[in-house]
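Encoded as structure tokens, the structure appears first; notes follow it.
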Amino acid sequence: MKTMNAFTIGGMVSMFSLLSCFSFGKVQCAGCTVDKAYRNPQALALVHAAVSGKVDEVNRLVQGGADPNYIEEGAVPMLIWTMCAQNKKGYEALLKAGADPNLGGTGDGYTSPGVVGHPFTRDSSSRVHRGWSATVMAAAIEDPYYLRLALQYGGDPDAKKGEAADRPLLKASYEGFIENVRILLDAGADVNIHDERYPNYNAAMMAIRSYGRYDIVILLVQRGFVFDLEGIWFYRDYPVSEEMRPYRDTVLRMLKERGFK
């Protein structure tokens, strides 16, 4: 009975912790509002300053001992908070103060609308996934500013953070962000990167099977993609928009030149 009570109490505490993350606030990230981002008061003050774009306050707090890489169980890094807030000043200030764009967290959940993902989905299903680093999240945001800066400050273009497809190049390809794909390839991302368990989790398949982005596939093949040319050919009749049809024709022509029939 005592054991059962302990489990029951533990479950109630866990549930309370989850619910306590929700509060009225202007910025939401990974299912939490910014006023509940961290339990540590110093870290909370720093993230508040960052999401508000108060650069001088960010610098003052860091100089006073606040850690821009502070993290707690169930939380996300401060850099991710600034992206959820879409505050470029705060994002850059944290990077300049030493925030690590490769740091992952364990928070998971929805953000404020309009942050992450394709325009078709980001107003209703914008979310941060468990394990994401700022670099991975930046690849899934249409504005390339965040990705460029993450890479400039040491972000890993091949980072594996989170689930199978949560690598920068795969996220950018899946969401259809060709500029982010180009930025990652220019930064040295492995064009043939894929998940070992799920070979279909490669950049070309992500681009085709999400939004039929054959323009991205052309770029990938031009940059040396060879991992799954058979898969591209297999999906040669995959439905595409009128806009993408000429790009698909170009891709098929490129494959025919490589011997596909």
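Observations on the structure shown:
- For the chain, the mean residue ellipticity at 222 nm estimated from helices alone is -13500 deg cm²/dmol, where every DSSP H run of n ≥ 4 contributes -39500 (n - 2.57) and the total is divided by all residues, rounded to the nearest 500.
- In this structure, ASP249 and ARG182 have a Cβ-Cβ separation that, at R0 = 25 Å, corresponds to a calculated FRET efficiency of about 0.70.
- Normalised by 2.2 N^0.38 Å, where N counts its residues, the alpha-carbon radius of gyration of the stretch 190-261 equals 1.01.
- Taking all Cα pairs closer than 8 Å and separated by 6 or more residues, the relative contact order of the chain comes to 11 percent.
- Summed side-chain charge close to ASN40 - residues other than ASN40 whose Cβ falls under 13 Å, Lys, Arg +1, Asp, Glu -1: -1
- The stretch 190-261 - charge dipole about Cα centre, Lys and Arg +1 at Cβ, Asp and Glu -1, debye rounded to 20: 200
- Formal net charge of residues neighbouring ALA138 (Cβ-Cβ distance under 11 Å; K, R +1; D, E -1): 0
- Spin-label model, ARG258/GLN63: points 7 Å from Cα along the beta carbon direction are separated by 5.5 nm.
- Per DSSP, loop GluC sites (Glu not before Pro) in the stretch 145-208 with at most 16 further Cβ within 10 Å: GLU163, GLU196
- Neighbour-count order for ASP100, ASP186, fewest beta carbons within 10 angstrom listed first: ASP186, ASP100
- Trypsin sites (Lys or Arg not before Pro) lying in DSSP loop within the stretch 135-206, provided at most 12 other Cβ fall within 10 Å: ARG197
- MET254 sits among other residues whose Cβ lies under 12 Å from its own Cβ, and their net charge, with Lys and Arg +1 and Asp and Glu -1, is +3.
- Remark: for residue pairs LYS36/LYS89; LYS96/LYS160; LYS88/LYS160; LYS161/LYS256; LYS36/LYS171; LYS96/LYS161, the C-alpha separation exceeds 26 Å in LYS161/LYS256; LYS36/LYS171.
- GluC sites (Glu not before Pro) lying in DSSP loop within the stretch 216-256, provided at most 14 other Cβ fall within 10 Å: GLU242, GLU243
- Calculated Cα Rg over 2.2 N^0.38 Å (choose from [x] 1.13; [y] 1.25; [z] 1.00), label: [x]
- Computed from label points 7 Å out along Cα-Cβ, the spacing between GLU196 and ASP143 is 3.8 nm.
Read-outs: derived from the displayed coordinates by stated rules, not from any lab. Predicted model, so just to flag it, every value in this text is computed and none were measured. As a convention, Cβ positions derive from the backbone with ideal geometry for all residues, glycine included, and neighbour counts pool all protein chains shown.
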